[in-house]
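Trainee: Let me begin by handing over the structure; questions about it come next.
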Amino acid sequence: MIDFIIIEDNLVYINKYKLLVDKIMMNYDIEYDFFIFDKCSKEVFKLLKKETFKIYLINYKKKEETNNMIRYIREKQDDWQSLILLLYISKIPEIIKENLFIINSIDKSKYFENNLLRSLQICLKNYDQRPNALKYCYKKVFYQIDYKDIIYIEKEQENKRCIIKTIDKEYYIPGSLNKIQKLLDDRFLKCNKSHIINMEQMSYYNKKTNLIKFRNGLEITTLSRTKKKELINYLRCIN
């Protein structure tokens with residue numbers, strides 16, 4: 001499901017946006033919906049919490065309001081999955097320089113429809129109902145880590161971040177394990193309060209000792225009683 005969030009006060013442009021979206025979505029078997037607002041109101045901020053893939057088409061007219069909303073999406077909501085397109089007249093928005101992962105800025109006065117159509121095509125290429133990578137931003141650096149390379153994710157004690165253990169590196173990611181788990185798919189299991197493991201990376205599991213070994217040699221021994229059943233059921237399904 002994709003939510004196209006249009007923030008525009010000109011009905012002519014709104015209709016053009018919708019026609020272009022409908023045109024490109026004819027090539028995809030994906031459900032989508034429109035949410036249209038004339039400004040960055042409280043209703044827009046309520047919608048930000050909805051857990052869907054979002055593509056924003058924002059008229060860059062009220063600069064301060066728009067800048068605050070974009071910063072809120074990226075930095076407060078920690079949403080780096082949703083895609084943002086800015087539409088302006090003549091002057092390129094300065095917020096582009098802030099490294100907030102804005103897909104494109106489009107001048108309404110120059111080849112507007114062709115440029116928007118091309119940008120929407122790029123957005124759709126970023127859409128995947130089953131993502132194959134963990135995407136996030138930490139300290140203004142954007143990371144994209146393939147799921148297949150993640151061994152496990154560990155909560156860092158006395159800190160509001162976690163450690164991602166991959167085949168050959170470690171990365172830091174902000175947030176709790178519960179929040180991070182929502183960004184992952186069903187190959188990952190939160191096996192205790194401190195770890196999320198990639199079950200596809202397991203090489204050995206001992207039911208008596210709860211020892212889990214991974215393909216790169218790492219191992220953990222903490223597995224909660226309730227999660228033990230889930231892990232055993234998973235192993236039975238692949239054997």
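The values are calculated or read from the model by the stated rules, or taken from the named source; none is laboratory data. Keep in mind that this is a model prediction, so the values were computed, not measured. Methodologically, a virtual Cβ is constructed for each residue, glycine included, from the backbone with ideal geometry; neighbour enumeration extends over all protein chains shown.
Trainee: For residue 216, state whether it is outside the structural domain of residue 50 (by TED's automatic domain parsing), under 19 Å from residue 78 (Cβ atoms) and outside any strand (DSSP E or B).
Mentor: No, not satisfied.
Trainee: For region 59-69, name all the residues that are over 20 Å from residue 108 (Cα atoms) and touching a strand residue (DSSP E or B) at 6+ places or on another chain (Cβ under 9 Å).
Mentor: 69
Trainee: Another question about this same structure. Can you find, within region 1-58, the residue that is modelled with the highest pLDDT among those that are outside any loop (DSSP other than H, G, I, E, B), of a type in the set (Lys, Arg) and out of contact with any strand residue (DSSP E or B) (no Cβ under 9 Å at 6 or more places or on another chain)?
Mentor: Out of the qualifying residues, it is 16.
Trainee: Is there a residue being outside the structural domain of residue 17 (by TED's automatic domain parsing), closer than 18 Å to residue 75 by Cα, touching a residue at least 24 places away in the same chain (Cβ under 8 Å) and among the charged types (D, E, K, R) anywhere in region 152-163?
Mentor: No - not one qualifying residue is present in region 152-163.
Trainee: Turning to a different aspect of this structure: Going by the conditions given, is residue 196 touching a Lys or Arg at 6+ places or on another chain (Cβ under 9 Å), over 20 Å from residue 52 (Cα atoms), surrounded by fewer than 19 Cβ atoms within 10 Å (Cβ to Cβ) and modelled with pLDDT of 90 or more?
Mentor: no
Trainee: Could you please let me know if residue 227 is modelled with pLDDT under 90, in contact with a Cys (Cβ under 8 Å, 6 or more places away or on another chain), outside the structural domain of residue 78 (by TED's automatic domain parsing) and not hydrophobic (A, V, I, L, M, F, W, C)?
Mentor: yes
Trainee: Give the residues of region 1-25 that are more than 17 Å from residue 126 (Cα to Cα) and surrounded by fewer than 16 Cβ atoms within 10 Å (Cβ to Cβ), sorted by residue number.
Mentor: Once the filter is applied, which keeps residues that are more than 17 Å from residue 126 (Cα to Cα) and surrounded by fewer than 16 Cβ atoms within 10 Å (Cβ to Cβ), region 1-25 yields 9, 10, 11, 12, 15, 18, 19, 22, 23.
Trainee: Right, next: Please specify each residue of region 134-151 satisfying the condition of being touching a residue at least 12 places away in the same chain (Cβ under 8 Å) and either exposed (fewer than 15 other Cβ atoms within 10 Å of the Cβ) or touching a helix residue (DSSP H, G or I) at 6+ places or on another chain (Cβ under 6 Å) (or both).
Mentor: 135, 140, 142, 146, 148, 151
Trainee: Pick from region 102-122 the residues that are under 13 Å from residue 86 (Cβ atoms) and not polar (S, T, N, Q): which of them is surrounded by the fewest Cβ atoms within 10 Å (Cβ to Cβ)?
Mentor: Of everything passing the filter in region 102-122, 107 is surrounded by the fewest Cβ atoms within 10 Å (Cβ to Cβ).
Trainee: Sticking with this one: Look at residue 170 and say whether it is farther than 19 Å from residue 216 by Cα and either of a type in the set (D, E, K, R) or touching a helix residue (DSSP H, G or I) at 6+ places or on another chain (Cβ under 6 Å) (or both).
Mentor: no
Trainee: Considering each residue of region 199-209, count those that are touching a residue at least 12 places away in the same chain (Cβ under 8 Å) and not in a strand (DSSP E or B), and give that number.
Mentor: Residues that pass the stated criteria total 5.
Trainee: If I ask for residues that are surrounded by 14 or more Cβ atoms within 10 Å (Cβ to Cβ) and in a loop (DSSP other than H, G, I, E, B), which ones from region 59-81 would you list?
Mentor: Answer for region 59-81, where residues must be surrounded by 14 or more Cβ atoms within 10 Å (Cβ to Cβ) and in a loop (DSSP other than H, G, I, E, B): 60, 61, 62, 78, 79, 80, 81.
Trainee: On the given criteria, is residue 129 surrounded by fewer than 17 Cβ atoms within 10 Å (Cβ to Cβ), out of contact with any helix residue (DSSP H, G or I) (no Cβ under 6 Å at 6 or more places or on another chain) and modelled with pLDDT under 90?
Mentor: yes
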